[in-house]
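Everything on this sheet refers to the single structure shown next.
The values are calculated or read from the model by the stated rules, or taken from the named source; none is laboratory data. Source: prediction; values computed, not measured. Cβ atoms come from the backbone with ideal geometry, glycine included; neighbour counts cover every protein chain shown. These accessible areas exclude ligands, DNA and RNA; they are computed on the full protein's heavy atoms, side chains included. Shrake-Rupley method; radii C 1.70, N 1.55, O 1.52, S 1.80 Å.
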Amino acid sequence: QKEANEFLVQHASTDAAWSTSLALVADDPSNPPDVQYFGANMMYGKVKGDWGKLPEPHRGPFVQAVSGALTTLLQRPASVLAARRLCMVMAATSVRSGGEATDALVQQALDFAQRGFASGAVEGVTLALEIQAAVADEVGDQRYDVKTALACALVPRIVEVLATSERVLEASVGGNQSSLAGLRSAALHAALAWLRMDSGGGGGCVLSPGQLAQSRRGLVVGALEAMAAEDSAVADAAAEFFIAVVQPGAPESSPAEEAAAINGVVRGLLSHGERILGRNDPVATEDLARNVCKVATALCERDANAAAGAPAWDATGSTASLHGGEFLSLTETVLRLAESHERPVMEAAADYFLMLNTVPTSQRHPSAGEPLFRRLAAACLRRAELPADFTSWEEADEDRDTFVRFREQILADLLDNCQAQMRSGYLAEVCGALGTAASWQRAEACVFATRVVASQLRRDILEPSSPGHGAAGPDAEAERSSAMLEQLLGTVGEAGRAAAAAGDAGFAAIAGSNAFGSHPVVVESTARMIGAYAPWLGGTQRGHARQETVIMYLLCALRVPAAFRHASHAFRSVCARCAKRLNDANTVTSLLDSVQKTLPAAPPKAAESSDGKKDDDDDRSAVIEGIARVIASMPDPTAAAEFAKRLPPPPPAPGRGR
């Protein structure tokens, strides 16, 4: 086989490969479909690499031979892959022969389509769509000057070319069982390939939504209906079509025409949304819901002000709503889809809400502010929960990396935006959910939701806004958040105190009475949260009141193998931030005694934590460093030196043995 492959590779570089490839694609019993595909693929590579070496007198007959083989193969369903490759060969030869030859191939494709529609022969329409797509793709692969020249020659025919795709999609509108229904994916691909044939090189589509709706309205209507196709390839192609079409970049028609076109797309999405929500079947409708959210996000990226209900400004300077209330209805629909479906839909909807939050709150419709983000926060909290049957990542059906990436990137961004809108109401919502949590998974999700907004909350509390706000302004909001943090970490401290009093039983003794000791994963997540709020513990009076019991919690968490890594790092952070309040002799003595009892003789077995990370470092060094920071801050150098002698020896560096 190796020798055969080497021979074929060598043969493909010879002049004989032109005739060999033609012989292999011939309609001959000795050429099964896989051989025909091999021949077509050899031919395509030959055209791409050696077309310029083929003598001019041989080019015309070669193209005619390929065209004849293509027409024949289209009648053979088993040879469809070879036929598609031959369409690419035809496109490659025409593009390399210049604008006139390419235009002639485009006209040939239109003729194929016309005859196919007239006779009901699907094969002719298939050939037309494949050639149209192949020409556009081949033009896009050329160097800039060639691509620009070809695009300038072809773009004037775009409306004529799009008629083929329009007719295919129109044939299936309203649930008609047309023989052309199976060509919808190819039609959408061909249409989008031509719309992306940008002669200016600036990206985007050739036609704006308004121009497309004016010239080929049936294509837009058919593509909207195709989003709900049972065939996922068709549905995904329709979503990709609209995502590209609504992006800015093309020269636009009048504002009214553009707004009307966008409103038409919005109405189509709203219709799909009603259908999805009416079925009340999240599993069956997940794909459509995801695609609706993807297209809606593209619309929001195009005009976040409209999505937020902000007024549009006309040329006279007065407000003029070009989108009415439909865009606000779309915002509500996207939220309801995210609320009622699982992670893939939330992932698709995430950027919609992030873009929405780029519009100043004062300019939004009231419904697009705090009320919307309060509901979004509740939905995110549900999606943040670990599976109900979770025991460990090794046994879970859930993919750890996927789950962690979703939580730490997508949900973290969304919740940060929710907190910015809700202010102190965010912690009130999360703490309320924690107080009613019926499972440790729910409690852990609440802890996660508290941690991921720590950076924003710390800025609110530790970096007060400029003066001039009233009593209920941002500083008052920050104070309310700080009070809730004090209460929350007070409950954490109670868990730490109770676990310490339980001796060897630790958190297991309070698993049923305090959420923060309900499961090792919750302990791990709580330790990580404490580390995130170390600056608050060291920088506020309310934080000072919680230092002692929070440290007690972390010391107990060091005895939980799953929590050891985050507990040790959080212990170091808290000690560093709170050193000057912990550096009296009695406290240092207590810390040293506790660490000597708690710190294991060997690090816990390296295990993957809930954040998906595996750390080969010896995390015991973080605990020792934390106490060392406290000792170093002691005002009496002599006492500090004596206490330093009691520090456990640093663990050996990785790789040197333990």
(Q) Considering only the range 253-266, I want to know if a residue exists there that is in a loop (DSSP other than H, G, I, E, B) and open to solvent by 20 Å² or more (accessible area, probe 1.4 Å). (A) yes
Q.
Residue pairs, Cβ under 6 Å, 6 or more apart or interchain, first in the range 481-495 and of a type in the set (Asp, Glu), second crowded, with 17+ Cβ neighbours inside 10 Å. List them.
A. GLU486/ARG542
Q. ALA388 passes all but one of (1) modelled with pLDDT under 95; (2) of a type in the set (A, V, I, L, M, F, W, C); (3) touching a Leu at 6+ places or on another chain (Cβ under 7 Å); which number fails?
A. (3)
Q: Please specify each residue of the range 190-199 satisfying the condition of being crowded, with 21+ Cβ neighbours inside 10 Å and without any contact (Cβ under 8 Å) to a residue 60 or more places away in the chain.
A: ALA191, LEU192, LEU195
Q: Can you give me the number of residues within the range 353-380 that are closer than 13 Å to CYS300 by Cα and surrounded by fewer than 16 Cβ atoms within 10 Å (Cβ to Cβ)?
A: 1
Q. Which of the residues spanning the range 127-156 are among the polar types (S, T, N, Q) and touching a helix residue (DSSP H, G or I) at 6+ places or on another chain (Cβ under 6 Å)?
A. GLN132
Q | Number of the condition not met by GLU524 [criteria: (1) in contact (Cβ under 8 Å) with a residue 24 or more places away in the chain; (2) open to solvent by 20 Å² or more (accessible area, probe 1.4 Å); (3) acidic (Asp, Glu)] | A | (2)
Q. Can you pull out the residues in the range 267-304 that are open to solvent by 50 Å² or more (accessible area, probe 1.4 Å) and hydrophobic (A, V, I, L, M, F, W, C)?
A. VAL283, ALA284
Q: Return yes or no: is ALA213 under 13 Å from LEU269 (Cα atoms) and part of a helix (DSSP H, G or I)?
A: no
(Q) Which of the numbered conditions does VAL206 fail, given that it passes all the others? Conditions: (1) part of a helix (DSSP H, G or I); (2) in contact with a Lys or Arg (Cβ under 8 Å, 6 or more places away or on another chain); (3) crowded, with 19+ Cβ neighbours inside 10 Å. (A) (1)
(Q) For the list (1) open to solvent by 30 Å² or more (accessible area, probe 1.4 Å); (2) at pLDDT below 90; (3) more than 30 Å from the chain's Cα centre (by Cα), I need the number of the one condition that GLU398 fails. (A) (3)
Q: Could you grab me the full set of residues in the range 453-476 that are at pLDDT 90 or above, more than 18 Å from HIS544 (Cα to Cα) and open to solvent by 30 Å² or more (accessible area, probe 1.4 Å)?
A: SER455, GLN456
(Q) Of everything in the range 5-39, what is part of a helix (DSSP H, G or I) and touching a residue at least 40 places away in the same chain (Cβ under 8 Å)? Give them in sequence order. (A) TRP18, LEU22, VAL25, PRO33, GLN36, TYR37, GLY39
**Q.** The one condition in (1) surrounded by 20 or more Cβ atoms within 10 Å (Cβ to Cβ); (2) in a loop (DSSP other than H, G, I, E, B) that GLN247 fails to fulfil
**A.** (1)
Q: All but one of (1) in contact with a Ser or Thr (Cβ under 8 Å, 6 or more places away or on another chain); (2) closer than 26 Å to ALA128 by Cα hold for GLY68, so report the exception by its number.
A: (1)
Q) What pairs come up if the first residue lies in the range 598-613 and is at pLDDT below 75 and acidic (Asp, Glu), the second is part of a loop (DSSP other than H, G, I, E, B) and buried (at least 16 other Cβ atoms within 10 Å of the Cβ), and their beta carbons are under 9 Å apart, counting only those six or more places apart or on different chains? A) GLU608/TRP393
Q) Hey, does the range 499-506 have a residue that's open to solvent by less than 40 Å² (accessible area, probe 1.4 Å), farther than 19 Å from GLY435 by Cα and touching a residue at least 12 places away in the same chain (Cβ under 8 Å)? A) yes
Q: Looking at (1) at positive phi; (2) without any contact (Cβ under 8 Å) to a residue 40 or more places away in the chain, find the lone condition where THR391 falls short.
A: (1)
Q: Would you please list the contacts, defined by Cβ atoms under 7 Å and residues six or more apart or on different chains, that run from a residue in the range 40-67 that is touching a residue at least 12 places away in the same chain (Cβ under 8 Å) and farther than 17 Å from SER13 by Cβ to a residue that is open to solvent by 30 Å² or more (accessible area, probe 1.4 Å) and part of a helix (DSSP H, G or I)?
A: ALA40/ARG85; ALA65/LEU22
Q.
Against the definition (assigned to a helix (DSSP H, G or I), in contact with a Phe, Trp or Tyr (Cβ under 9 Å, 6 or more places away or on another chain) and either more than 14 Å from SER525 (Cβ to Cβ) or modelled with pLDDT of 95 or more (or both)), how does ARG407 come out, yes or no?
A. yes
(Q) I'm checking my understanding of the structure. Among residues of the range 386-395 that are within 26 Å of LEU337 (Cβ to Cβ) and hydrophobic (A, V, I, L, M, F, W, C), which one is surrounded by the most Cβ atoms within 10 Å (Cβ to Cβ)? (A) LEU386
**Q.** Scan of the range 584-603 for residues that are assigned to a loop (DSSP other than H, G, I, E, B) and closer than 15 Å to PRO561 by Cα, ordered by number
**A.** LEU599, PRO600, ALA601, ALA602, PRO603
Q. Out of all the residues in the range 75-82, is one or more at pLDDT 90 or above and open to solvent by less than 60 Å² (accessible area, probe 1.4 Å)?
A. yes
Q) Can you tell me which of SER208, SER271 is modelled with pLDDT of 95 or more, on the phi < 0 side of the Ramachandran plot and not charged (D, E, K, R)? A) SER271
Q) Filter the range 9-39 for residues that are under 42 Å from the mean Cα position of the chain (by Cα) and open to solvent by less than 70 Å² (accessible area, probe 1.4 Å); which is farthest from ARG59 (Cα to Cα)? A) PRO33
Q) So ARG383 clears everything in (1) at pLDDT below 95; (2) touching a Leu at 6+ places or on another chain (Cβ under 8 Å); (3) crowded, with 16+ Cβ neighbours inside 10 Å except one condition, right? Which one? A) (1)
